[in-house]
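These notes are about the structure you will find just below.
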Amino acid sequence: QVQLVESGGGLVQPGGSLRLSCAASESIFSIRVMGWYRQAPGNERELVASITRSGIRNYADFVKGRFSISGDNAKNTVYLQMNSLKSEDTAVYYCNAVQYGFNYWGQGTQVTVSS
(Lines give C-alpha, C1' and ligand atoms only; values in the text may rest on other atoms or scores of the structure.)
Protein backbone atom coordinates (compact mmCIF):
# COMPACT_ATOMS: atom_id res chain seq x y z
CA GLN A 1 0.00 0.00 0.00
CA VAL A 2 1.34 3.39 -1.02
CA GLN A 3 0.86 6.29 1.37
CA LEU A 4 0.92 9.83 0.03
CA VAL A 5 1.25 13.11 1.92
CA GLU A 6 0.74 16.43 0.14
CA SER A 7 1.98 19.82 1.22
CA GLY A 8 2.54 23.28 -0.19
CA GLY A 9 -0.97 24.57 -0.71
CA GLY A 10 -2.13 27.99 0.40
CA LEU A 11 -3.44 31.36 -0.64
CA VAL A 12 -1.80 33.12 -3.57
CA GLN A 13 -2.68 36.13 -5.70
CA PRO A 14 -3.55 35.77 -9.39
CA GLY A 15 -0.37 35.51 -11.44
CA GLY A 16 1.54 34.05 -8.52
CA SER A 17 3.23 30.69 -8.05
CA LEU A 18 3.08 27.73 -5.70
CA ARG A 19 4.88 24.41 -5.52
CA LEU A 20 3.03 21.38 -4.24
CA SER A 21 4.88 18.37 -2.87
CA CYS A 22 3.74 14.77 -2.59
CA ALA A 23 5.86 12.51 -0.40
CA ALA A 24 5.39 8.80 -1.07
CA SER A 25 6.00 5.95 1.36
CA GLU A 26 8.10 4.09 -1.19
CA SER A 27 10.38 4.81 -4.07
CA ILE A 28 8.56 6.76 -6.77
CA PHE A 29 10.77 4.97 -9.26
CA SER A 30 8.83 1.80 -8.46
CA ILE A 31 5.39 3.43 -8.89
CA ARG A 32 3.93 3.05 -12.36
CA VAL A 33 2.26 6.46 -12.57
CA MET A 34 2.01 9.40 -10.20
CA GLY A 35 -0.18 12.37 -10.76
CA TRP A 36 -1.95 15.42 -9.45
CA TYR A 37 -5.71 15.86 -9.60
CA ARG A 38 -7.88 18.69 -8.42
CA GLN A 39 -11.46 19.16 -7.34
CA ALA A 40 -13.28 22.44 -7.05
CA PRO A 41 -16.60 22.75 -5.18
CA GLY A 42 -19.41 21.35 -7.29
CA ASN A 43 -17.02 19.88 -9.83
CA GLU A 44 -15.71 16.41 -10.46
CA ARG A 45 -12.13 15.52 -9.71
CA GLU A 46 -9.98 16.10 -12.78
CA LEU A 47 -6.47 15.21 -13.85
CA VAL A 48 -3.98 18.07 -13.79
CA ALA A 49 -0.70 16.33 -14.61
CA SER A 50 0.92 12.93 -14.41
CA ILE A 51 4.35 11.37 -14.74
CA THR A 52 5.28 7.75 -15.36
CA ARG A 53 8.25 6.01 -13.79
CA SER A 54 10.01 6.31 -17.14
CA GLY A 55 9.56 10.08 -17.01
CA ILE A 56 6.74 10.56 -19.51
CA ARG A 57 4.67 13.60 -18.58
CA ASN A 58 1.08 14.39 -19.40
CA TYR A 59 -0.75 17.67 -18.78
CA ALA A 60 -4.33 18.81 -18.95
CA ASP A 61 -4.83 21.43 -21.64
CA PHE A 62 -5.86 24.04 -19.08
CA VAL A 63 -2.41 23.95 -17.37
CA LYS A 64 -0.09 23.46 -20.32
CA GLY A 65 2.65 26.04 -20.28
CA ARG A 66 1.88 27.06 -16.68
CA PHE A 67 2.32 23.92 -14.54
CA SER A 68 5.18 21.45 -14.43
CA ILE A 69 5.36 18.02 -12.79
CA SER A 70 8.64 16.50 -11.67
CA GLY A 71 10.00 13.84 -9.36
CA ASP A 72 12.91 13.47 -6.95
CA ASN A 73 13.69 9.79 -6.52
CA ALA A 74 16.10 10.44 -3.65
CA LYS A 75 13.31 12.07 -1.66
CA ASN A 76 10.45 9.83 -2.90
CA THR A 77 8.66 13.06 -3.75
CA VAL A 78 6.72 14.35 -6.73
CA TYR A 79 6.27 18.09 -7.23
CA LEU A 80 3.79 20.25 -9.06
CA GLN A 81 5.16 23.67 -9.88
CA MET A 82 2.29 26.02 -10.59
CA ASN A 83 2.97 29.37 -12.25
CA SER A 84 0.71 32.11 -13.59
CA LEU A 85 -2.06 30.96 -11.30
CA LYS A 86 -5.64 31.96 -12.08
CA SER A 87 -8.71 32.18 -9.89
CA GLU A 88 -10.11 29.14 -11.70
CA ASP A 89 -7.16 27.08 -10.40
CA THR A 90 -8.70 27.30 -6.94
CA ALA A 91 -9.38 23.74 -5.77
CA VAL A 92 -8.26 20.96 -3.48
CA TYR A 93 -5.27 19.27 -5.11
CA TYR A 94 -4.78 15.56 -4.61
CA CYS A 95 -1.74 13.41 -5.22
CA ASN A 96 -2.38 10.05 -6.87
CA ALA A 97 -0.34 6.90 -7.36
CA VAL A 98 -1.20 3.93 -9.55
CA GLN A 99 0.54 0.73 -8.55
CA TYR A 100 -0.34 -2.90 -9.35
CA GLY A 101 -3.78 -1.85 -10.55
CA PHE A 102 -4.64 0.07 -7.40
CA ASN A 103 -5.24 3.80 -7.02
CA TYR A 104 -3.86 5.55 -3.95
CA TRP A 105 -4.74 9.08 -2.85
CA GLY A 106 -3.36 11.67 -0.52
CA GLN A 107 -5.53 13.72 1.80
CA GLY A 108 -5.47 16.77 -0.44
CA THR A 109 -4.14 20.29 -0.08
CA GLN A 110 -6.15 23.47 -0.63
CA VAL A 111 -5.00 25.98 -3.23
CA THR A 112 -6.81 29.31 -3.27
CA VAL A 113 -6.06 31.92 -5.91
CA SER A 114 -7.54 35.25 -4.93
CA SER A 115 -6.65 38.89 -4.61
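The values are calculated or read from the model by the stated rules, or taken from the named source; none is laboratory data. Because the structure is predicted, anything quoted here is derived from the model rather than measured. Every residue, glycine among them, receives a Cβ derived from its backbone with ideal geometry; neighbour counts consider all protein chains shown. Surface areas here come from the heavy atoms of the whole protein model, side chains and all, with no ligands, DNA or RNA. Shrake-Rupley method; radii C 1.70, N 1.55, O 1.52, S 1.80 Å.
Number of residues in region 65-115 that are among the β-branched types (Val, Ile, Thr) and touching a Leu at 6+ places or on another chain (Cβ under 7 Å) equals 5. Here SER68, SER30 are screened, and the one residue that is hydroxyl-bearing (Ser, Thr, Tyr) and modelled with pLDDT of 95 or more is SER68. From the residues in region 28-80 that are in a loop (DSSP other than H, G, I, E, B) and open to solvent by less than 50 Å² (accessible area, probe 1.4 Å), which one is farthest from TYR94 (Cα to Cα)? For region 28-80, the residue satisfying everything is GLY55.
Scanning region 1-24 for residues that are surrounded by fewer than 14 Cβ atoms within 10 Å (Cβ to Cβ) and at pLDDT below 95 gives a single hit, GLN1. Could you tell me which residue of region 91-115 is farthest from LEU18 (Cα to Cα), considering only residues that are among the polar types (S, T, N, Q) and either assigned to a strand (DSSP E or B) or open to solvent by less than 40 Å² (accessible area, probe 1.4 Å) (or both)? Top of the filtered list is GLN99. Summed over region 74-111, residues that are of a type in the set (Val, Ile, Thr) and in contact with an Asp or Glu (Cβ under 9 Å, 6 or more places away or on another chain) total 3.
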